[in-house]
Amino acid sequence: MEKRYFQPEIETMPVEEIKKRQSELLVKQVKNVYENVSYYRDLMDKKGVKPEDIKGIEDLHKLPFLTKDDLREAYPTGLLARPKKDCVRIHSTSGTTGRRVVAYYTQHDIDLWDDCCARALVAAGASDEDVVHVSYGYGLFTGGFGLNGGSHKLGSLTLPMSSGNTDRQIQFMIDQESTILCCTPSYAAYLGESVKEKGVKDQLKLKAGIFGAEAWTEEMRAEIENSLGLKAYDIYGLTEISGPGVAFECEEQAGMHINEDHFIAEIINPETGEVLPEGEKGELVFTSITKEAFPLLRYRTRDLCVLSRKKCSCGRTHVRMSKPLGRSDDMMVIRGVNVFPSQIETVLLNNNMSVNYQIVVDRVNNTDTLDINVEVTPEMAADLTYDRAAKTRELSAAMKNMLGISAKIHLVNPHTIVRSEGKAVRVIDNRKLFGH
């Protein structure tokens, strides 16, 4: 297979050169953040570290971590390193208790993000002769805009489909002869089923798909590849760091290359914060070295994975990360949306419900389902006039408002949710997401 890169001189740069470049950019970025972000300057002062203490990537471990809690505390503009008037866009993801995480972008940030997504597309075999069908959501979610920008940069015909309306998706796929599909893996699987039902697989021209924003197994990959007749590639990103394109799979399909000219990756012990050697499983931490508006230093992703510098047959020299192998916190990704038990608890408390609840997540026909069982209080159970149906509707609306996705609420009698050692098991996730 002909090896192709979007930016060959960067993507195949010798590792020593990558590290040298990272060191230079890190020194500049630390100085920039210290001078322009008072929130992070306070964290550095508390840790007793000054910009001049950071002489290269070997000193990265001296810097304080940033977590999602910091992002919520500094909301909305406390981590901005540029005046708001220099920013041209925001993207956002839901926070743990409903306070959103908002990331800002200058035009330069968007240009670099587009480059990263263009690299991912080229790694999946795309060129300016392809038709890129983007079925990630647009709006505050980063998926649609990220791949849309990468496709434009590459000069491919871009179909900004967004998610949903499956009949129209398939119609455009056939009529416009889409060759590269970009969406969540669960939606790709659903499209595959719909294509089979319609009996139109032989009319598709798809050759590759870039699927991210959710955990998916190798079994699911095989199923999607078979149902849509394409090669399925993984992509990784998070809104806080830029969106999709932080890392992407090449034709080897064995881990995702991290764009190391923009992001420094570390693996730490989630309990102690100590940096672990290459090849050990731990929590992934990112430092943005080229971001202007929202440069996060040592941001804890809570994703557990392994980094590898093993030589890759594709010729790319950037370090590879495994698929995330789990989380070091209680976040669940449901239909591409981040959901925390604490958000659900907040809604229940705000609506005078008991906090005896249980979340059941499953995947039916390749689509995530979310059921929430909530115990009514003994008083509610004894009150013959209590309208459970009305309360269920009220809670459903409040949940959708908080989470951004719908959940099925079931009001159950007191003491019906099983306690283990006096504690209720809060989350039952029946999806088989992390294939080892």
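Every read-out reported here was derived from the displayed coordinates using simple, explicitly stated rules and does not represent laboratory data. These numbers come from a predicted model, not from an experiment. Reconstructed Cβ throughout: ideal geometry from the backbone, glycine too, with neighbour counts over all protein chains shown.
So the values come out like this:
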| read-out | value |
| --- | --- |
| Region 255-305 versus region 342-368: alpha-carbon centroid distance in Å | 30 |
| Compactness index (Cα Rg / 2.2 N^0.38 Å), region 1-77 | 1.43 |
| Lys/Arg +1, Asp/Glu -1 at C-beta; region 295-397 dipole; positive extreme among GLN358, ALA390, VAL319 | VAL319 |
| Cysteines without a disulfide-compatible neighbour (Cβ-Cβ under 4.7 Å), the chain | CYS87, CYS116, CYS117, CYS182, CYS183, CYS305, CYS312 |
| Nearest-20 debye value, the chain charge dipole, Cβ charges on Lys, Arg, Asp, Glu | 420 |
| Sequence of HIS415, HIS410, HIS91 once ranked by neighbouring C-beta atoms within 10 Å, starting from the fewest | HIS415, HIS410, HIS91 |
| Rg/Rh for region 263-302, where both radii come from Cα atoms and Rh is the Kirkwood radius | 1.02 |
| Residues VAL131, VAL88, VAL339, sorted so that the one with the fewest Cβ neighbours within 10 Å comes first | VAL88, VAL131, VAL339 |
| Selected from CYS182, PHE65, GLY155, residue furthest toward positive end of dipole (the chain; charges at beta carbon) | PHE65 |
| Mean projected area in nm² (Cα convex hull; one quarter of hull surface) for the chain | 22.8 |
| Coordinate range along principal axes, alpha carbons of region 103-254, Å, largest first | 45, 30, 26 |
| The chain: most fluctuating residue of ASN352, ASN226, ASN338 per GNM, C-alpha cutoff 10 Å | ASN352 |
| For region 389-416 versus region 128-177, the gap between their alpha-carbon centres in whole angstrom | 34 |
| Loop-located trypsin sites (Lys or Arg not before Pro) in region 226-328 whose Cβ has at most 14 other Cβ within 10 Å (DSSP) | LYS281, ARG309, LYS310, LYS311 |
